[in-house]
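Structure, as structure tokens:
The values are calculated or read from the model by the stated rules, or taken from the named source; none is laboratory data. Fair warning: this is a prediction, and the values are worked out from it, not measured in the lab. Heads up, the Cβs are rebuilt from the backbone with ideal geometry, glycines too, and the neighbour counts pull from every protein chain shown. Surface areas here come from the heavy atoms of the whole protein model, side chains and all, with no ligands, DNA or RNA. Shrake-Rupley method; radii C 1.70, N 1.55, O 1.52, S 1.80 Å.
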Amino acid sequence: MAPPVAVSPLIKTARYSALIAGIIYGKRRYGELKPIAAEERRVEEEEKKVREEKERIAKAIAEASEETILK
């Protein structure tokens, strides 16, 4: 096996600079998207409550109509 080749300091600097830039960009982007996602989750929760209430009402109506048909 051949001994490892020394990597140029310019390449090392460029790699670490890109890594740090990516971390900073990711943190900024996450900060921008987090409130949007929280709002979407809140809206989805409200829609889920409304949908469940409609399903409960429809089930109650269906049960009531079954009882009247059976009598």
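Every residue, every condition in (1) open to solvent by less than 90 Å² (accessible area, probe 1.4 Å); (2) of a type outside the set (A, V, I, L, M); (3) touching a Ser or Thr at 6+ places or on another chain (Cβ under 9 Å); (4) in contact (Cβ under 8 Å) with a residue 40 or more places away in the chain, yes or no:
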| residue | (1), (2), (3), (4) |
| --- | --- |
| Met1 | no, no, no, no |
| Arg15 | no, yes, no, no |
| Gly22 | yes, yes, no, no |
| Tyr25 | no, yes, no, no |
| Lys54 | no, yes, no, no |
| Lys59 | no, yes, no, no |
| Ser65 | yes, yes, no, no |
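Restricting the search to the stretch 27-49, which residues are among the β-branched types (Val, Ile, Thr) and open to solvent by less than 80 Å² (accessible area, probe 1.4 Å)?
Scanning the stretch 27-49 gives a single hit, Val43.
Checking Ala2 against (1) among the small types (Gly, Ala, Ser); (2) modelled with pLDDT of 95 or more; (3) not in a helix (DSSP H, G or I), which single condition isn't satisfied?
Single failed check for Ala2: (2).
Would it be correct to say that Ala37 is out of contact with any strand residue (DSSP E or B) (no Cβ under 9 Å at 6 or more places or on another chain), part of a helix (DSSP H, G or I) and not aromatic (Phe, Trp, Tyr)?
yes
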